[in-house]
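Here is the structure we will look at, set down as structure tokens.
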Amino acid sequence: MDEKYESAMNCLRKYGQEHILNNYDKLSDEKKEKLLNQILTIDLNQIKELYESTKKEVSFANDKIEPIDFVDKSALSEEELNKYNTLGENEIKKGKYAVVTMAGGQGTRLGHNGPKGTFKLGLENDKSIFEILIDNLKANNEKYGVTIPWYIMTSRENNEQTENFFKENNYFGYDPKAIMFFKQGELPMCSEEGKLLMDENGSIKEAADGHGGIFESMRRNGVIFDMQQKGIEWAFIGPVDNVLVKMVDPTLLGVAIDKNVLAAGKSVVKAGPKEKVGVFCKRNGKPGVVEYTEITEDLAEATDENGNLVFAESHINCNLFNVKAIEEVSLKKLPYHSAHKKAKYIDENGELVVPEKPNAYKFESFIFDAFDMLEDMAILRVKREEEFAPVKNAEGNDSPETARKLYKDFYGIK
Ligand code: UTP
């Protein structure tokens, strides 16, 4: 056996992961080489620590959670709204604004065979989600006399399909030079015993490392550099799966500029104390999001003198960042959260195992964990029916059916 194999085996032994080389002899030369490189680049110590963290109870009990100030768009006077819009529009017209779409998720709940953006919403015009987003960007380009640069974050799993979809459809008439795809990072998954898993290609099974990985991926892939070269100062970072996402919003930008902060997030009013959404808050004096899994019942149900929820600003993953803030966060490490998921893998006898219940841990970071790295941020409360039509589940809540209805109602389509 050669030196590289020995080094890889030594690394694995140190962390009790030697089983990864059990079926090595059966692999092609190309796959052997790929596997050894993978073993030598993966941070096995990090995986050990992440696995250990799944056994620890995380307590937020000592965190000081307070409500956060917000601007309610619908309560602004005409004068205030104009002030914010003018501030924002001026920057957009000067070409200082870009859009980043997070499209690296696996979309497991929707279960569509392909990247979520290629999913057709079921409208008469047969448009896919990506096309719906493009229509929106094109309308803004026309309005502001610019071509807004569009950065699309994909993953190893869906990058090729995503890029091909755009090419085959001639970028739906968008200027291809204004679109840049970049891949997000990945982390190995591990079994409930902390063992790495093999995938069907003879590699260690890895999965996208969550939307929080976007900042580091933007730096590693030269997106931040590209923005700086183009003189872009602000980037809206939003999801692929909200068909009413307002990617170009001068009000949001104007509020951020007016408040002299480097980030701003959009909220919609939480539907009720039990809705499964994270809400914006101040955590230990810094902006943050308290997730529905961690908020205490008392805080979730607290109301003000008018009977309104005190923690009502739902985070809808539509946030704006100054490029300086993106760069700053990209140099720091966001915490990882573990999710218990179903993962197919190849067992030690070389057999494919397709689990029926969760059998593995996936590690992800969340975009909102970056908020407390910022001194402050502005929150703009917008109307749910105007800006929030998520496509998450195959049926029921937040499904194509509900999103289609919201989309049609908003655009007045019968
Ligand atoms: P979700 O957290 O809803 O995940 O993503 P998902 O992958 O789309 O769906 P499920 O949970 O597997 O059913 C919210 C947004 O963040 C992006 C998604 O593409 C979506 O736009 N995302 C999520 C990434 O870009 N990368 C990730 O690793 C996770």
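The values are calculated or read from the model by the stated rules, or taken from the named source; none is laboratory data. Please read all numbers here as calculations on a predicted model, not as lab measurements. In this analysis, Cβ positions are derived from the backbone assuming ideal geometry, glycine residues included, and neighbour counts consider all displayed protein chains. To get the accessible areas, we keep the full protein, side chains included, count just its heavy atoms, and leave off ligands, DNA and RNA. Shrake-Rupley method; radii C 1.70, N 1.55, O 1.52, S 1.80 Å.
Taking only the Cα atoms of segment 257-414, the ratio Rg/Rh comes out at 1.04, with Rh defined as the Kirkwood radius.
Counting protein heavy atoms only, the chain has 45 percent of its accessible area on carbon and sulfur, 1.4 angstrom probe.
Taking the Cα atoms of segment 170-222, the ratio Rg/Rh between the radius of gyration and the Kirkwood radius comes to 1.17.
Along its three principal directions, the equivalent ellipsoid of the chain from the Cα gyration tensor extends over semi-axes of 38, 26, 21 Å, largest first. These residues, S338, S217, go from largest to smallest accessible area, 1.4 Å probe, as S338, S217.
Measuring r between the beta carbons of K276 and T296 and using R0 = 22 Å, the FRET efficiency lands at 0.90.
Counted by Cβ distance under 13 Å from D43, the other residues give a net charge of -1, where Lys and Arg count +1 and Asp and Glu count -1. Extending 7 Å from the Cα toward the beta-carbon at both I413 and D376 defines two label points whose distance is 4.1 nm. Based on a Kirkwood Rh over C-alpha pairs, give the Stokes-Einstein translational diffusion coefficient of segment 55-188 at 4 °C and viscosity 1.567 mPa s in µm²/s. Once the numbers are plugged in, D ends up at 71 µm²/s. Each of G16, T154, S59 was scored by the projection of its Cα onto the charge dipole of the chain, and the greatest displacement toward the positive side belongs to T154; charges sit on the C-beta of Lys, Arg, Asp and Glu. Calculate, in whole percent, how much of the Cα-Cα pair population of segment 337-414 lies beyond 17 Å. It works out to 71 percent of all Cα pairs. Structure remark: mean-square fluctuation, Gaussian network model of the chain, C-alpha springs under 10 Å; the largest value among A61, A302, A207 belongs to A61. Of the three principal axes defined by the Cα atoms of segment 181-294, the extents in descending order read 53, 45, 32 Å.
About its Cα centre, segment 172-238 has a charge dipole of approximately 320 debye under the convention of +1 per Lys or Arg Cβ and -1 per Asp or Glu Cβ, with nothing else charged. Counted residue by residue at 0.36 nm each, then reduced by the alpha carbon distance between them, the extension gain from N82 to D29 reaches 12.7 nm.
Extension gain, F172 to D135, is 12.4 nm, computed as 0.36 nm per intervening residue step minus the present C-alpha separation. Length gained on full extension, N113 to K405, computed as 0.36 nm times the residue gap minus the Cα-Cα distance: 102.9 nm. Note on segment 352-414: dipole from Cβ charges, positive end direction compared against P390, P400, F371; the farthest Cα belongs to P400.
Helical content of the chain, expressed as a calculated mean residue ellipticity at 222 nm, amounts to -9000 deg cm²/dmol (DSSP H runs of 4 or more residues, -39,500 (n - 2.57) each, divided by residue number, nearest 500). Local charge for T402 was computed over the other residues whose Cβ lies under 10 Å away, with Lys and Arg +1 and Asp and Glu -1, and equals 0.
With only alpha-carbon pairs counted, each pair once and no self-pairs, how large is the Kirkwood hydrodynamic radius of segment 214-256 in angstroms? 12.0 Å is the Kirkwood radius here.
Place a point 7 Å from the Cα of E192 along the Cα-to-Cβ direction; which residues of segment 327-356 have their backbone N under 13 Å from it? Taking a point 7 Å out along Cα→Cβ of E192, the residues of segment 327-356 whose backbone N falls under 13 Å are 340-343, 355-356. Peptides 168-181, 287-300, 95-108 ranked from most to least packed by the mean count of surrounding Cβ atoms within 10 Å: 95-108, 287-300, 168-181.
Above 21 Å, the calculated P(r) of segment 102-255 contains 51 percent of its Cα-Cα pairs.
Counting pairs of alpha carbon atoms under 8 Å apart in space and at least six apart in sequence, what relative contact order in percent does the chain give? Answer for the chain is 22 percent.
In the context of the full set of protein chains, segment 135-213 has a per residue accessible area of 42 Å² (1.4 Å probe).
Taking the Cα centre of segment 266-399 as origin and assigning +1 to Lys and Arg Cβ atoms and -1 to Asp and Glu Cβ atoms, the resulting dipole is close to 260 debye. Over segment 8-121, the pair-distance histogram of Cα-Cα distances with 10 Å bins from zero comes to 9, 15, 18, 27, 16, 11, 4, 0 percent, rounded to whole numbers.
Bridging of K120 to aspartates and glutamates at a Cα separation below 16 Å is possible for E131, D135, E168, D241, E395, D398, E401, once same-chain residues fewer than 8 apart are set aside.
Estimated from the Cβ-Cβ distance and a Förster radius of 45 angstrom, the FRET efficiency linking E385 and D63 is about 0.85. Max-minus-min Cα coordinates of segment 23-90 on each principal axis give 72, 40, 16 Å, with the largest extent listed first. Dipole magnitude for the chain: about 600 debye, using +1 per Lys or Arg Cβ and -1 per Asp or Glu Cβ, origin at the Cα centre. Residues F166, F119, sorted by accessible area with the largest first, give F119, F166 [1.4 Å probe; ligands and nucleic acids excluded].
Once the Cα atoms are used to define both axes, helix 129-144 deviates from the longest principal axis of the chain by about 40 degrees. Using alpha-carbon pairs under 8 Å, 6+ residues apart, how would you state the relative contact order of segment 150-202 in percent? Value for segment 150-202: 43 percent.
Quick note on segment 119-197: its Rg to Rh ratio, both from C-alpha atoms and Rh being the Kirkwood radius, is 1.13.
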